[in-house]
Amino acid sequence: MAPSGSASTLADTVRSLTAVHHHDTQNLDVGIVSRSPALQDVLTRLERVAPIDTTVLITGETGTGKELIARELHRRSRRAGRPLVAVNLAAIPEPLVASELFGHEQGAFTGAIQRRIGRFELADRSTLFLDEIGELSLDMQVALLRIIQEGEFERLGASQTRRVDVRLIAATNRSLEDAVEAHRFREDLYYRLSVFPIHLPPLRERGDDIPALAEYFLQQLTVRLGRRFTGIEPVSLEQLQAFSWPGNIRQLQNVIEHSAILSDQPLLRIPPSLLVEKRPSVALASKLDAALHGSEQQMIEQALAAARGRVSGPTGAAASLGIPASTLESKIKRFNIDKLRFRSHPDA
């Protein structure tokens, strides 16, 4: 493993913030390199925290590469000699989450025909990555809080307490702060998870990275499709950089693959139909008109004041602005707006 203290080593090893799934193996082809200023803070924070066992919370929109960052954190940690254990909590039926995380003994419940080792035991002396942490039920949040604080748990159906040494990395595309306010997420667990937060910027804020990412995906397809591409048309590259990418890096990968399958030429052309922006809602259109008479920051602050600092939900600021909550969270961070000060706003 490369030394963890070298910034140049990090820059050399990171080849594009993306995760490519090979269709035959389903393994991640990991590489990271960024040219955009928007990602430099992420890489700096990653390098600083990776060698330490601190709990990390990775936030960002769907498709921004949160699992890739988790894997890079593990790769650069002192636990890299053991495999990272990853769990997507959104993919597990709620009644099975406890068994998946903590394991169970034979006969612990109907269908438990043999003992099962949970993910925490599998991750002992390694790293456990809990993706979509915002999907965890309140009951399971209590169990997770205990193991974070004490390092102890019991398998379902067992009385023996077990201890593990696990470095925890969590990720979410939701606002856990809003979930705490709505009493859907425990505040004490939130603070335990967000000891060292890392926020991944959306692709639309990383325009400088788009040509390199697109070329990277095209190189991967050269091998898979058995065809040689010499590059991407300049006009298509301009269109890629001008697009807003609601699906982020994952959507960019799909667009490149779709275009490559259709292409008969070595110089790839992106069909314009793949880059059609969705029409804004009536609410969004009216807000955009209002923005002509004031700054975007003022508009956001007014919406936060009216929503008493709440971002998501039917009465949140994002709904009144007609944009996704994740997009509004990104703008709040960009403008350095303290949304907490609006929770007691006199005009709310």
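Quick one: Glu61 ticks every box in (1) closer than 25 Å to Trp245 by Cβ; (2) surrounded by fewer than 20 Cβ atoms within 10 Å (Cβ to Cβ) bar one, so which box is it?
Going through the list (1) closer than 25 Å to Trp245 by Cβ; (2) surrounded by fewer than 20 Cβ atoms within 10 Å (Cβ to Cβ), Glu61 breaks only (2).
From the list Phe185, Phe153, Phe229, pick out the single residue that is assigned by TED's automatic domain parsing to the domain that holds Val255, of a type outside the set (Lys, Arg) and crowded, with 18+ Cβ neighbours inside 10 Å.
Phe229
Quick one: which residue in Asp178, Asp165 is within 17 Å of Asp53 (Cα to Cα) and acidic (Asp, Glu)?
Asp165
Would you mind finding the one in Arg35, Arg48, Arg82, Arg78 that is in contact with a Phe, Trp or Tyr (Cβ under 9 Å, 6 or more places away or on another chain) and either modelled with pLDDT under 95 or basic (Lys, Arg) (or both)?
Of the residues listed, the single one that is in contact with a Phe, Trp or Tyr (Cβ under 9 Å, 6 or more places away or on another chain) and either modelled with pLDDT under 95 or basic (Lys, Arg) (or both) is Arg48.
Can you tell me which of Gly151, Gly111 is in contact with a strand residue (DSSP E or B) (Cβ under 7 Å, 6 or more places away or on another chain) and either at positive phi or free of Cβ contacts under 8 Å to residues at least 40 places away in the same chain (or both)?
None of the other options fit; the residue is Gly151.
For Pro246, which of the numbered conditions (1) surrounded by fewer than 18 Cβ atoms within 10 Å (Cβ to Cβ); (2) not in a loop (DSSP other than H, G, I, E, B) fails to hold?
That leaves (2) as the condition not met.
Among the residues of the range 157-197, how many are touching an Asp or Glu at 6+ places or on another chain (Cβ under 7 Å) and of a type in the set (Ser, Thr, Tyr)?
Here the count works out to 3.
I'd like to check something: does the range 210-218 contain any residue that is surrounded by fewer than 18 Cβ atoms within 10 Å (Cβ to Cβ), modelled with pLDDT under 95 and either touching a helix residue (DSSP H, G or I) at 6+ places or on another chain (Cβ under 7 Å) or in the same structural domain as Leu39 (by TED's automatic domain parsing) (or both)?
Looking for residues that are surrounded by fewer than 18 Cβ atoms within 10 Å (Cβ to Cβ), modelled with pLDDT under 95 and either touching a helix residue (DSSP H, G or I) at 6+ places or on another chain (Cβ under 7 Å) or in the same structural domain as Leu39 (by TED's automatic domain parsing) (or both), one finds at least one in the range 210-218, hence yes.
The values are calculated or read from the model by the stated rules, or taken from the named source; none is laboratory data. This structure is a prediction, so every number in the text was calculated from the model and none was measured. Positions of Cβ are backbone-derived with ideal geometry, glycine not excepted, and every protein chain shown enters the neighbour counts.
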